[in-house]
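The values are calculated or read from the model by the stated rules, or taken from the named source; none is laboratory data. All values derive from a computational prediction rather than experimental measurement. Ligands, DNA and RNA are stripped out before the accessible areas are found, and what is left, the full protein with its side chains, is counted by its heavy atoms. Shrake-Rupley method; radii C 1.70, N 1.55, O 1.52, S 1.80 Å.
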Amino acid sequence: MDDEKYDRLISSVTPMESADGVESYRNTVAMACPACDEPFDDAVVCTEEYNSLELSLELDLCVTTHDDDVVLFTHKP
Ligand SMILES: [Zn+2]
């Protein structure tokens with residue numbers, strides 16, 4: 001995803017937590033996922049070279065990248 005789309009994404013979603021190179025944002029504005037066009041629940045930006053995610057729910061994930069960061073979009077099935 002390019003800088004313009006990324007900036008629009010980050011300015012639209014609500015920051016939740018940031019820890020261990022993983023930044024989470026909640027989609028409170030029903031923004032469409034850039035990968036599948038369905039509104040996503042959370043966006044997760046992984047800023048380290050390696051990151052581990054512990055999921056407490058079974059989720060469908062869409063993925064893109066911005067620079068070297070992986071950006072995940074979660075959808076509850
Ligand atoms: Zn999606």
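Structure notes:
- Note that the stretch 55-70 has calculated 3J(HN,Hα) couplings of 9, 8, 10, 7, 10, 8, 10, 10, 9, 9, 10, 9, 6, 9, 8, 8 Hz, one per residue in order, obtained from phi through the Karplus relation 6.51 cos²θ - 1.76 cosθ + 1.60 (θ = phi - 60°); glycine and proline are x.
- Å² of accessible area per residue within the stretch 11-77, as computed with a 1.4 Å probe and no ligands counted: 67
- Across the stretch 3-75, the mean sequence separation of Cα contacts (distance under 8 Å, 6 or more residues apart), normalised by length, yields a relative contact order of 26 percent.
- Dividing the Cα radius of gyration of the chain by its Kirkwood radius returns 0.92 for Rg/Rh.
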